[in-house]
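None of the figures in this text is laboratory data; all of them are computed from the coordinates on show. Note that this is a predicted model, so its numbers are computed, not measured. Here the Cβ positions follow ideal geometry from the backbone for every residue, glycine too, while neighbour counts run over all protein chains shown.
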């Protein structure tokens, strides 16, 4: 039971890091970014390629750096032009970016599965409630908490974090006060992409790498964002933790329905609270 | 001759294809108190929105201290010392009172207005500094909007319908505050439909009609009835 709950915490932590990037980008750009799953996949592959030659930590740094560059470029070339477009247009364009990046990965790395071992320091197991539990999974929780905590501290206590929160609610008011909102876009999308990329490489020793990994986790990240309330970090956190547990216990107790449970949960939440757990009524 | 602080020369501004401002000329001198009056929908707010790049300027020019501003973006006005107290105040509900004020100081323009000074002017904001700005009453939100503008240490403060929805006693307090502010050298551009504040505060006026300046003059040369007649003309 405790091990199941811990597995749920591990998966929920990963989902939260991934969903918080989505929330960040949606908050500022109002773009539902289907390419976010591709960021996760690209980060995993780039991190993997560097990690096998230079070590795991350089792999994480490489994934973050590469995805910041991808995010900034995407904001400047694509998202900026989507700012006032129909949501359907943004969905189609970002989904197109997802397909392009998936094909890029297939071309460079092929279609096979890759696996990577956790670093030696984080290998092995610890005994929890009499059962062995991989140390690396505890590292995932810690890394996710550090990333999410860092982002919350940045948003809440820094000047640029204040500008992002202001511009997320009203770009016009933020600009009126002198904030260069056109600079915040690349910063936020780059950061959101880096979060996804780091989540990809951190998840790599826990889940395997394949070109469809982005699309798979993207769907669950959207479920997290929708249940939590689009644009709400607090909601995404609660939602990711619940969804992690639903997945972990669902696989054990309702294996034939496990894949459906996140969507059932989303339907229940939306019926009871259409704006999501902490979302604001429109 | 004094160089105008702000000068609009033949400004044409659009919302999409709607041509709202049609060749507007307007000047504000340093430390001057100027009012723009006119009926609803004549383009008064579009003057502010043009400076904030919300309305698109496709013709004419805007000058600050005699220098043309070649390309207007949302942050340009603040960067040149123009602070705006927008219609409806536009207090951000996801920020606390203190954060709303700090946002006003985004550019860290040097000057005498600091958080402490704004708090000493509006003690209620200090008492409730950690609560959301939208939890304040209408009058207090106007204080916050003015405080946010002051945090930018502006040379020119533009107020768009500042008396809207406020009790007369609050409007009187605001008038005194703006008069005191103008005495420190900050120019005021007041965009108002209600004439009481305009008559009490402004030194010069522009009457706007159908997107054009229909008349301009000194406030000492008009009384309430004649100004009202000019607006309705």
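Maximal additional length on extending the residue A:261-residue A:212 stretch stands at 15.6 nm, based on 0.36 nm per residue less the C-alpha distance.
For a modelled paramagnetic label at residue A:54, 7 Å from Cα along Cα-to-Cβ, no residue of the stretch A:142-164 is in reach, as no backbone nitrogen comes under 11 Å.
For every helix of n ≥ 4 consecutive DSSP H residues, a contribution of -39,500 (n - 2.57) applies; sum these over chain A, divide by its total residues, and give [θ] at 222 nm rounded to the nearest 500 deg cm²/dmol.
Numbers: 11 runs with 201 residues, N = 282.
Here the helix-only value at 222 nm equals -24000 deg cm²/dmol.
A simple spin-label model places the labels of residue B:129 and residue B:184 1.8 nm from each other, with each point 7 Å out along Cα-to-Cβ.
Under the definition of partner shielding as Cβ atoms of other protein chains within 10 Å of a residue Cβ, what is the mean value for peptide B:82-92? Mind dumping the intermediate values first?
Details: counts 2, 3, 3, 1, 4, 0, 0, 1, 5, 2, 10.
Mean shielding by partner chains, rounded to a whole number: 3.
With contributions of -39500 (n - 2.57) from each DSSP H run of at least four residues, the per-residue ellipticity at 222 nm computed over chain B stands at -9000 deg cm²/dmol.
The Rg/Rh ratio of the stretch B:86-153, with Rg taken over Cα atoms and Rh as the Kirkwood radius over Cα pairs, comes to 0.92. Placing dummy labels 7 Å off each Cα toward the beta-carbon, the span from residue A:156 to residue A:86 is 4.1 nm.
Distance between the C-alpha centres of the stretch A:1-63 and the stretch A:228-278: 19 Å, rounded to the whole angstrom. As a rough guide to protection, the peptides A:187-199, A:219-231 ranked by mean Cβ packing within 10 Å, highest first, stand as A:187-199, A:219-231.
Centre-to-centre, using Cα atoms only, the stretch B:60-136 and the stretch A:127-170 are separated by 31 Å. Max-minus-min Cα coordinates of the protein assembly as shown on each principal axis give 89, 47, 42 Å, with the largest extent listed first.
Relative to the longest principal axis of the Cα atoms of chain B, the long axis of helix B:168-183 lies at roughly 80 degrees. Taking the 0 to 90 degree range and rounding to the nearest ten, how far is the long axis of helix A:181-203 tilted relative to the main principal axis of chain A, both from C-alpha atoms? Between the helix axis and the principal axis of chain A, the angle is about 10 degrees. Report, in whole Å, the centroid distance computed from the Cα atoms of the stretch A:86-118 and the stretch A:177-191. If we compute the Cα centre of each part, the gap is 25 Å.
Only Cα pairs under 8 Å and at least 6 apart count here; give the relative contact order of the stretch B:86-153 as a rounded whole percent. Walk me through the intermediate numbers first.
Working: 85 pairs, mean separation 36.4, N = 68.
After rounding, I find 54 percent.
In this calculation the C-beta distance from residue A:172 to residue A:114 is compared with R0 = 41 Å, giving a FRET efficiency of 0.35. The order of A:11, A:40, going from fewest to most other C-beta atoms within 10 Å of their C-beta, is A:11, A:40.
Tell me the angle of helix B:138-150 to the major Cα principal axis of chain B, expressed in degrees between 0 and 90 and rounded to the nearest ten. Computed tilt is about 80 degrees. Considering only alpha-carbon pairs that sit under 8 angstrom and 6 or more positions apart, the relative contact order computed for chain A is 36 percent.
Here the contact order of chain B, divided by its residue count and restricted to Cα pairs under 8 Å and six or more residues apart, works out to 28 percent.
Fewest first, what order do A:154, A:109 take by the number of other Cβ atoms within 10 Å? List each step's numbers first, then the result.
Values: A:154 14, A:109 18.
Lowest count first: A:154, A:109.
When the Gaussian network model of chain A links Cα atoms closer than 10 Å, the mean-square fluctuations of A:242, A:153, A:60 top out at A:153.
Between residue A:271 and residue A:121, the contour length at 0.36 nm per residue exceeds the alpha carbon distance by 49.4 nm.
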